[in-house]
1. Is it true that Asp42 is buried (at least 18 other Cβ atoms within 10 Å of the Cβ), under 25 Å from Gln8 (Cβ atoms) and modelled with pLDDT of 95 or more?
2. When segment 131-161 is examined, which residues are found to be at pLDDT 65 or above, loosely packed, with under 13 Cβ neighbours inside 10 Å and small (Gly, Ala, Ser)?
3. Go through segment 102-130 and count every residue that is surrounded by fewer than 16 Cβ atoms within 10 Å (Cβ to Cβ) and among the aliphatic types (A, V, I, L, M).
4. In segment 106-124, what residues are touching a residue at least 60 places away in the same chain (Cβ under 8 Å) and part of a loop (DSSP other than H, G, I, E, B)?
5. Tell me yes or no: at least one residue of segment 89-100 is closer than 18 Å to Arg144 by Cβ, under 15 Å from the mean Cα position of the chain (by Cα), aromatic (Phe, Trp, Tyr) and modelled with pLDDT of 95 or more.
6. Going by what's in this entry, would Gly47 be described as closer than 28 Å to Gly125 by Cα, out of contact with any strand residue (DSSP E or B) (no Cβ under 6 Å at 6 or more places or on another chain), in contact (Cβ under 8 Å) with a residue 40 or more places away in the chain and small (Gly, Ala, Ser)?
7. Out of Lys73, Lys123, report the one residue that is in contact with a Ser or Thr (Cβ under 8 Å, 6 or more places away or on another chain) and modelled with pLDDT under 95.
8. Where residues in segment 62-100 are of a type in the set (Ser, Thr, Tyr) and either outside any helix (DSSP H, G or I) or free of Cβ contacts under 8 Å to residues at least 40 places away in the same chain (or both), which of them is nearest to His9 (Cα to Cα)?
Amino acid sequence: MMEETGIQHIEKKIISQDKASEIGREFREHSKTLVFTNGCFDLLHPGHVDLLIRSRMSGDALMVGLNTDAGIKRLKGPSRPVLDERARSLMIAALEVVDWVVLFDTDTPYELIEAVKPMVLIKGGDYTPDKVVGKDIVESHGGRVEIVKFNIEVSTSEIISKLGRTE
């Protein structure tokens with residue numbers, strides 16, 4: 001029998017939206033706390049890692065919604081992302097604190113959040129609760145939104161700028 005490679009192990013954590021919805025339903029049925037956060041996570045940096053670690057501490061498992069390449073181009077411009085969705089998915093999935101990664105191609109994760117119905121929705125400190133997409137969904141079934149203040153101030157845009165690349 002062939003041994004599974006590290007990448008094959010990590011790829012199992014990258015799931016479809018249908019599987020994400022199924023996991024959300026199972027967590028609700030078993031009264032477990034599924035935490036959800038989302039983002040581009042282009043050029044993974046310590047600020048991202050801190051957010052993901054602190055997100056995972058808010059429940060029993062962490063699901064990360066990841067913008068597709070096309071979605072990032074719409075949001076950030078034609079020179080982004082720096083790393084493609086496969087690379088970004090693998091890096092996020094490789095983190096021990098992340099249980100699942102699911103790609104979404106819409107401009108916001110609203111439909112994905114509606115499908116998953118997590119109990120905790122987390123965003124970084126640059127958000128205010130009233131600006132969090134999906135807040136209404138999560139709160140409608142007794143969940144909560146948490147804003148995680150940044151402990152590490154790092155910006156992907158600043159990293160790109162240091163590399164001499166314009167956005």
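The values are calculated or read from the model by the stated rules, or taken from the named source; none is laboratory data. Worth saying up front: this structure is predicted, and the values here are computed from it rather than measured. Cβ atoms come from the backbone with ideal geometry, glycine included; neighbour counts cover every protein chain shown.
1. Working: buried (at least 18 other Cβ atoms within 10 Å of the Cβ): yes; under 25 Å from Gln8 (Cβ atoms): yes; modelled with pLDDT of 95 or more: no.
Here the answer is no, as Asp42 does not meet what is asked.
2. Matches in segment 131-161: Ser140, Gly142.
3. 0
4. Pro109, Lys117, Pro118, Met119
5. Within segment 89-100, none of the residues are closer than 18 Å to Arg144 by Cβ, under 15 Å from the mean Cα position of the chain (by Cα), aromatic (Phe, Trp, Tyr) and modelled with pLDDT of 95 or more.
6. Spelling it out, Gly47 is indeed closer than 28 Å to Gly125 by Cα, out of contact with any strand residue (DSSP E or B) (no Cβ under 6 Å at 6 or more places or on another chain), in contact (Cβ under 8 Å) with a residue 40 or more places away in the chain and small (Gly, Ala, Ser).
7. On the way: Lys73 fails: in contact with a Ser or Thr (Cβ under 8 Å, 6 or more places away or on another chain).
After ruling out the rest, the residue left standing is Lys123.
8. Thr68
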